[in-house]
Amino acid sequence: MTSAPPELKATSPVGDISYTGFSIPAIQIQEGTAEELEHILSQKIDQAHGAYKNSPVVVNVENVSNLNAFDFLRLQEVCRQHGLFLIGVTGVVNDDRADALLRRHIPVVNSKRYERIRHENRKPKIVTQFLELKVPVHIPVPYEVKVPYEVKVPVPLKIVRRNIRSGETVNGQNCSLAIYGSIGPHARIIASQHVFIFGSVNGADLFAGAPMDNNDPGFTEAIIHVSGDFSPGVIAIAGNYRTAEDLDNDPMLEQLRRQKDGIVVTLEQNNLQYHILSNVATQHGAIFNRMR
């Protein structure tokens, strides 16, 4: 008799996801153009005698100010011409820049260092204000107080006389900030009141009238004044913000930038407005009227 073949049991494929310790070379770029990457690969990769052939790489965009003009597909083509596989970008230090990339389906492959920076940037910035009261206070009876009642408190000014490095954060808690110098890419300038920058801004984040907590609307009368080149990554007044992409798509702002006379940003009915002031007298009058 012929014995029956053993019964075969159906099996399902089993998969798993795990973290690896792979190290991926990162190419540091400044402008983010195909021409720049071509030059770097010709100087560095082509001279390595095939050491990087068919290797995966990422490009570090930490110093690239305008990610909206970043042509990732073109950079991938340049890498393939030099025997490399471009798999994503690194050096993304805040969520606004990450969102600008992910909306265009560009992979963000951050190292642990940049992830830590992004995590720190997500933490809420709490601004506290202390008022000094002298006691005893004599209050006549009866005493009528009209509501709302405005108490004007002098606003201190914190002055910084130097350039602000890339990635650095400068806080002006319960005060205005005046910075005599230029601001590096991805730096963060945060003030409870006004922000004055007597220099250029290239890819930095500027926050004026920063709220103290989730229940605080922030100081809506704050202004942002930049006397030099105006190319921030993010600007915000009392939580109302615009990204670099929004600014690049604003034709009125583009006209103001070309005049090279400095730009003042104000908040009008929850919308950021941009102004250019043609002479010193008008400029000082507008600024200090907002501060009173």
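Things to note:
- Value of Rg to Rh for the stretch 166-243, rounded to two decimals, is 0.94; Kirkwood radius and Rg both from alpha-carbon coordinates.
- Couplings 3J(HN,Hα) for the stretch 77-92, derived from phi with the Karplus relation 6.51 cos²θ - 1.76 cosθ + 1.60 (θ = phi - 60°), are 4, 4, 5, 5, 5, 10, x, 10, 10, 7, 9, x, 10, 9, x, 8 Hz, where x marks Gly and Pro.
- Accessible area per residue, Å², the stretch 165-218 with all protein chains present, probe 1.4 Å: 34 Å²
- Exposure of residue 248 as accessible area (Å², to 10), given a probe of 1.4 Å and all protein chains: 60 Å²
- Along the stretch 242-251 the Karplus relation, 6.51 cos²θ - 1.76 cosθ + 1.60 evaluated at θ = phi - 60°, assigns HN-Hα couplings of 9, 8, 4, 5, 4, 5, 5, 8, 9, x Hz to successive residues, with x for each Gly and Pro.
The values are calculated or read from the model by the stated rules, or taken from the named source; none is laboratory data. Keep in mind the model is a prediction, meaning the values are calculated, not measured. In case anyone asks, the SASA skips ligands and DNA or RNA and just uses the protein heavy atoms, side chains included. Shrake-Rupley method; radii C 1.70, N 1.55, O 1.52, S 1.80 Å.
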